[in-house]
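The values are calculated or read from the model by the stated rules, or taken from the named source; none is laboratory data. Since the model is a prediction, treat every value here as computed from it, not as a measurement. Heads up, the Cβs are rebuilt from the backbone with ideal geometry, glycines too, and the neighbour counts pull from every protein chain shown. To get the accessible areas, we keep the full protein, side chains included, count just its heavy atoms, and leave off ligands, DNA and RNA. Shrake-Rupley method; radii C 1.70, N 1.55, O 1.52, S 1.80 Å.
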Amino acid sequence: MPSEHWTHPEPGDGPAAVAAQPSPEQVIAGLRATSEGGAELTQLLTPEGERVSSPQFDRYVDDIDAEALKGLYRDMVLVRRADREANAMQRQGQLGIWVPLLGQEAAQIGSGRALRKGDMAFPSYREHGVAYTRGVDLKEVLGIFRCTDHGGWDYKAHGFHPYTIVIGNQVLNAAGYAMGQKFEGKVGDDDSEATICYFGDGATSQGDVHEGFVWAAVYDAPLVFFCQNNQWAISEPTERQSRLPLYQRARGYGFPGIRVDGNDVLACLAVSRWALEECRHGNGPVLIEAFTYRMDAHTTTDDPTRYRLSDELEEWKLKDPIERVRAYLARGGGADQAFFDQVQADSDAFAAELREYCFNMPEPPPDRIFSNVYAESTPLLDAQREEFLSYMDGFVGAGEH
């Protein structure tokens, strides 16, 4: 049998296994690499809050002084508090469902703050932190999960596409949008545009994601694929989806991939800035695997205690993205207790504002579903609208709506 490579080994890893015959050691090493950060992990701030120097990425965060880092800390605290409030409101029957981001604040805030005004972000359904960085009012996000609308923000003005519920579908949309940026000549210098697309580790098993990789690679699209590997695709661990670390999949499509500590907001900011810069200059696409952890359930309909151990959760609590920034600021004198207390008070006020809005959110009229389907209405749409409203009028109390 000819000796065909089963994997492409890293320098120093030794020879690759032959086709269909990986050695036990290589199988174990491959699986471990999917569930541990590994030597390839880019990190600038350790879980203990110690700054790590990086010759490649330090220059991308040279502008982040103590004040800027305090801003990133505040972003993460406010977004986490909003997330916890929304989770509680779902349990109280005020939201139909909620998709928690607990534990993924650094990945979202770091990458979101790397974007510029002319850039476009394509989220899945968990990117509440990215929405916040793009200036989207989280009250409008709540409307999606209260089932009153599908997202009413101006996606062009904010550079933030509506949420996508279908797993991986947004990758095709993002690839098309980024190809458009390339065709329109918006790529090639420092002032150019770029696109970023968010998805989870589970989505990498979907065909739409792979098709997006192919199209983006063939057309050199200015697209950053941002995979938040939170270790669990609902109840399926990452090692059940890939023999290799996810960032290495980029090789098969001919573009670079990198793994970053998804709980390190500095590293996420630096790596995202680097990747976006590459795309702006025509060197895209780029795949970022943000190695993080989903600290809560997949959604509020999920019970993670049925498929993962509490020891795993406790281990990841020690890598909390917010606490490491707090430790760094406190140790270096960049922030005092008064600052931390004020941020906590601001986050509580933010949550209270969201709660007040949610409890009093107006119900949209029945004909709202027909609004903005097309730029101009059509005879068929008008007929459907009249038929639907006539049907609704047949119910008791319909006049009240």
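Taking the stretch 309-329 as the region of interest, how many residues are acidic (D, E) and at pLDDT 95 or above?
If we filter the stretch 309-329 for residues that are acidic (D, E), which is where we start, we get 311-312, 314-315, 320, 323.
Adding the requirement that they be at pLDDT 95 or above leaves 320, 323.
Here the count works out to 2.
Of everything in the stretch 340-380, what is of a type in the set (V, I, T) and closer than 30 Å to R81 by Cβ? Give them in sequence order.
Applying the first criterion (of a type in the set (V, I, T)) to the stretch 340-380 yields 343, 369, 373, 378.
V343 - this is the single residue of the stretch 340-380 that is of a type in the set (V, I, T) and closer than 30 Å to R81 by Cβ.
Give the residues of the stretch 55-73 that are open to solvent by 20 Å² or more (accessible area, probe 1.4 Å) and either assigned to a loop (DSSP other than H, G, I, E, B) or in contact with an Asp or Glu (Cβ under 7 Å, 6 or more places away or on another chain) (or both), sorted by residue number.
P55, Q56, D62, D63, I64, D65
Could you list all residues from the stretch 150-186 that are open to solvent by less than 40 Å² (accessible area, probe 1.4 Å) and more than 30 Å from V218 (Cβ to Cβ)?
Passing the criteria: G151, W153.
Please list, ordered by first then second residue, the pairs with beta carbon atoms under 6 Å, 6 or more apart or interchain, first in the stretch 59-78 and over 16 Å from A330 (Cβ atoms), second of a type in the set (S, T, N, Q).
L78/S347
Looking for something touching a helix residue (DSSP H, G or I) at 6+ places or on another chain (Cβ under 8 Å) and assigned to a strand (DSSP E or B) - is there at least one such residue anywhere in the stretch 292-305?
Among the residues of the stretch 292-305, not one is touching a helix residue (DSSP H, G or I) at 6+ places or on another chain (Cβ under 8 Å) and assigned to a strand (DSSP E or B), which makes the answer no.
In the stretch 239-266, which residues are among the hydrophobic types (A, V, I, L, M, F, W, C), closer than 24 Å to W215 by Cα and not in a loop (DSSP other than H, G, I, E, B)?
Taking the stretch 239-266 as the starting set, the residues that turn out to be among the hydrophobic types (A, V, I, L, M, F, W, C) are 244, 246, 250, 255, 258, 260, 265-266.
In the following step, the residues that additionally are closer than 24 Å to W215 by Cα were identified as 244, 246, 250, 255, 258.
Of everything in the stretch 239-266, those that are among the hydrophobic types (A, V, I, L, M, F, W, C), closer than 24 Å to W215 by Cα and not in a loop (DSSP other than H, G, I, E, B) turn out to be L246, A250, I258.
Regarding the stretch 321-330, can at least one residue be identified that is open to solvent by 60 Å² or more (accessible area, probe 1.4 Å) and in contact with a helix residue (DSSP H, G or I) (Cβ under 6 Å, 6 or more places away or on another chain)?
Among the residues of the stretch 321-330, not one is open to solvent by 60 Å² or more (accessible area, probe 1.4 Å) and in contact with a helix residue (DSSP H, G or I) (Cβ under 6 Å, 6 or more places away or on another chain), which makes the answer no.
Just one of P379, P304, P362, P366 is more than 23 Å from the chain's Cα centre (by Cα), over 25 Å from E140 (Cα atoms) and either of a type outside the set (D, E, K, R) or outside the structural domain of A82 (by the TED database) (or both); which is it? It would help to see each step written out before you state the result.
Values: P304 fails: more than 23 Å from the chain's Cα centre (by Cα); P362 fails: over 25 Å from E140 (Cα atoms); P366 fails: over 25 Å from E140 (Cα atoms).
Within the list P379, P304, P362, P366, the selection yields P379.
Please go through the stretch 112-140 and pick out each residue that is assigned to a helix (DSSP H, G or I) and within 15 Å of the chain's Cα centre (by Cα). Steps first, answer last, please.
Kept after step one, since they are assigned to a helix (DSSP H, G or I), are these residues of the stretch 112-140: 112, 128-133, 138-140.
Hits for the stretch 112-140 are G112, H128, G129, V130, A131, Y132, T133.
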